[in-house]
Amino acid sequence: MSQPSAHDVVIIGGGVTGAGIARDLSLRGLSVLLLEKGDWGAGTSGSSSWMIHGGPRYLEFDWDTTRLSTTDAGHIVTIARNIVYRVLFLIPVLPHDKNNIERMETAMEVYDRFQPLKKSHPHTRLTPEEALRIEPGLTPDMVGAVTMEEWGVDPHRLVFANVQDAVANGARALNHTKVVELLRDGGAVIGVRYRTSDGVYSEARAKVVVNAAGPWVPEVGQMAGVDVQLRPAKGIHIVYPHRISNFSISAESIDGRDLLMVAHGGFTLLGTTDDDFYGDLDSVDVLQDEVDYLLQAFERVFPSIRDYRPVRTTTGVRPTLFKWRRYEDELSRRYEVIDHSKQGADGLISIAGGKLSMYRLMAEETSDAVCRKLGHQARSETSTRPLPGNESDPVAPAELAARCGIPALAAMKLQMRHGSNAEKVLDEGGTSRILCRCEPVTESELIHAARHEQVRSLADAFRRVGIAAGPCAGAACILRAAEVVGRELGWSASQKFDAAREFVRGAWLGRAPLLGEAGWAQEELAQGAMRGLMVGDGSS
């Protein structure tokens, strides 16, 4: 074991909150070590609905969360312009819905008061005829509809942009690195012991350790003998590899929950469930009845939903604060910063609860607590300081495409991930070849990710640049991606093949719960294209 490293702060957890804390503290001049046992944003953050939103449903029982969320969403929209985009909702109202059209419009009028905080527009009320004119796929049984505007975001790029800026300001950040023990001096926490992906154990000493492990916060707390209570909630999404509608649509489930079909740039997310979860946080499966639950709800407002072929499912666990008796959907998305010194674990601070759309505020308040503990006088800059790629306005996508010899769609997606740095990413790789036609990722961007964005597997590359995210689900590109990444990381031919097989096996878990007749036909085609990658795993 090497000599322990020394830092002001060690942060456990590389989701959006942990990454945000690392950025905030490094900008304040503290030495920071950020550790993530998987990949950046691979847990709760990446399995979200991909939205920075205020949460109008919280107006019924938690106005403060709506206010905080919309305020911080406005800051995020300002500092991360390249990875956010407007998402316009249509909310149809059917006879016998729990909220009739008058009550729904009243709720939107209240929400309109918060919309300016996040630079969004007010609602519009539509007649059934007007709603059907702009979205013919809606049920004709509706009595009316209202619109609502939110912001979409790529959570994987948001997380990595925070990591990237933290590193640029002196932080050290390690993914695929698991904390196995908290170092103690009596009761006080003085550091961590961790294991890297190659099995090497190391230690890091710190004046403060921050527990930002999301749903794993209680597990990390137990290492210090402290109890942090959460009420973990499982949520799943169905992913379609195209836009089903130009609008996002709200639906009411059979038990009255509000569900969303969110139209993102080139794909659609349908979800999410919200159920108490008592299982293994590292093995969360999607069940067939969860898929049917979502489809049943949307079939009522969008009758043709079963005609569209989904490509995969996603699942994650929310680190909701503990509350007894409340229905899962009504649980607050509030958060709590906990200094464990009163519990005999001085030096340990936990951040629990919250939601993606106020990650920056959560990070700021956690960083404030750290600075108070260290007697460090410095204010947060993260509400106004642009994230990487937002320092200047990028050129028009068509201009970048013409200059670099790539399709305009590839240029637009490249800019959404890298902003004003997009051309530098292309120049470094030295090739404008497109890796996959259905999800236009250039080989140059994948080369850049392998060299500079801590990509260590094809699943990491999926999160960083979107390989295998399109309709082919990797059938047309995963072997080529393995060749590109493997060449950069020095993989042998067998390691490249193993990496592709590992990705395909992992992707299978997300596809299996939703394969109908058309899905199985597609799967047979994919298996033929990737012959041999699934041999011996029992799923072919």
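The values are calculated or read from the model by the stated rules, or taken from the named source; none is laboratory data. What you are looking at is a predicted structure, and each value in this text was computed from that prediction instead of being measured. Cβ: placed from backbone, ideal geometry, glycine included. Neighbour counts: every protein chain shown. For the accessible areas, the whole protein counts, side chains as well, though only heavy atoms, and no ligand, DNA or RNA atoms are used. Shrake-Rupley method; radii C 1.70, N 1.55, O 1.52, S 1.80 Å.
Quick notes on this structure:
- Summarised as an ellipsoid, the range 247-388 has semi-axes of 37, 20, 13 Å, derived from the eigenvalues of the Cα gyration tensor scaled by 5 and square-rooted, with the largest first.
- Any cysteine of the chain lacking a neighbouring Cys Cβ under 4.7 Å - listed by number: Cys371, Cys404, Cys438, Cys472
- Restricting the calculation to alpha carbons of the range 58-118 gives Rg and Dmax of 13.9, 42 angstrom.
- Note on Tyr85 and Asp198: the model spin-label points, each 7 Å out from Cα along the C-beta direction, lie 3.9 nm apart.
- Global size of the range 1-118 as Cα Rg and Dmax, reported in angstrom: 19.5, 68
- Sites Asp255 and Arg437 - FRET efficiency at Förster radius 41 Å, r taken between beta-carbons, to 0.05: 0.50
- Normalised per residue, the accessible area of the chain is 41 Å², obtained with a 1.4 Å probe and no contribution from ligands, DNA or RNA.
- Here's how it looks for Met51: its modeled amide H is under 5 Å from those of Val153, which are all 5 or more places away or on a different chain.
- Cα-Cα separations in the range 83-139 greater than 19 Å, expressed as whole percent: 39 percent
- Shown here: the range 397-517, whose C-alpha atoms stretch 41, 37, 19 Å along the first, second and third principal axes, sorted largest to smallest.
- Model label sites at Asn99 and Glu129, defined 7 Å from Cα along the beta-carbon direction, differ in position by 2.6 nm.
- Electrostatic dipole magnitude of the range 302-438 [Cβ: Lys, Arg +1; Asp, Glu -1; Cα centre; debye, to 20]: 580 debye
- Surface share of carbon and sulfur [accessible, 1.4 angstrom probe, percent] for the range 413-488: 48 percent
- Carbon and sulfur %, accessible surface of the range 62-217 computed with the full protein complex present, 1.4 Å: 53 percent
- Each Lys and Arg Cβ is given +1 and each Asp and Glu Cβ -1; about its Cα centre, the chain then shows a dipole of about 1200 debye.
- Cut-off 16 Å (backbone N to label point 7 Å along Cα→Cβ of Lys424), residues of the range 449-468: 449-454
- Heavy atoms of Thr313: accessible area, 1.4 Å probe, square angstrom to 10: 10 Å²
- Residues of the range 21-40 with an amide N closer than 17 Å to a point placed 7 Å from the Cα of Gln377 along the Cα-to-Cβ direction: 28-30.
- Normalised contact order of the chain, rounded percent, pairs of Cα under 8 Å and 6 or more residues apart: 17 percent
- Overall shape of the range 329-369 was characterised from the C-alpha gyration tensor. The equivalent ellipsoid obtained from it has semi-axes of 22, 13, 5 Å, in decreasing order.
- Relative intensity of the range 381-447 on a log10 scale, I(q)/I(0) at q = 0.18, 0.20 Å⁻¹, equals -0.60, -0.72, per a Debye sum over C-alpha point scatterers of equal strength in the absence of solvent.
- For the chain, with +1 on Lys and Arg beta carbons and -1 on Asp and Glu, the positive-most of Ala224, Leu88, Thr66 along the dipole: Ala224
- In this structure, Ala493 and His242 have a Cβ-Cβ separation that, at R0 = 30 Å, corresponds to a calculated FRET efficiency of about 0.30.
- Solvent-accessible area of Ile447 with every protein chain in place, 1.4 Å probe, in Å² to the nearest 10: 10 Å²
- Heavy-atom accessible area for Thr139, with the other protein chains in place and a 1.4 Å probe, reaches approximately 10 Å².
- Computed [θ] at 222 nm, helices only, for the chain once each DSSP H run of length n ≥ 4 contributes -39500 (n - 2.57): -10500 deg cm²/dmol
- Residue order for Asp97, Asp393, Asp280 - accessible surface, 1.4 angstrom probe, largest first: Asp393, Asp280, Asp97
- P(r) weight above 20 Å for the range 68-207, C-alpha pairs, percent: 66 percent
- Shape analysis of the range 154-237 based on the Cα gyration tensor places the equivalent ellipsoid semi-axes at 23, 20, 13 Å, largest first.
- The chain, Cα convex hull volume normalised per residue, Å³: 150 Å³
- Taken about its Cα centre, the range 1-82 carries a charge dipole of roughly 180 debye when the Cβ of each Lys and Arg holds +1 and the Cβ of each Asp and Glu holds -1.
- Placing one equal scatterer on every Cα of the range 159-294 and applying the Debye formula, the log10 ratio I(q)/I(0) at q = 0.22 Å⁻¹ is -1.29.
- Contour excess over end-to-end distance, with Cα ends at His452 and Asp280 and 0.36 nm allotted per residue: 58.7 nm
- Amide proton proximity set for Arg184, modelled H, under 5 Å, gap of 5+: Ile190
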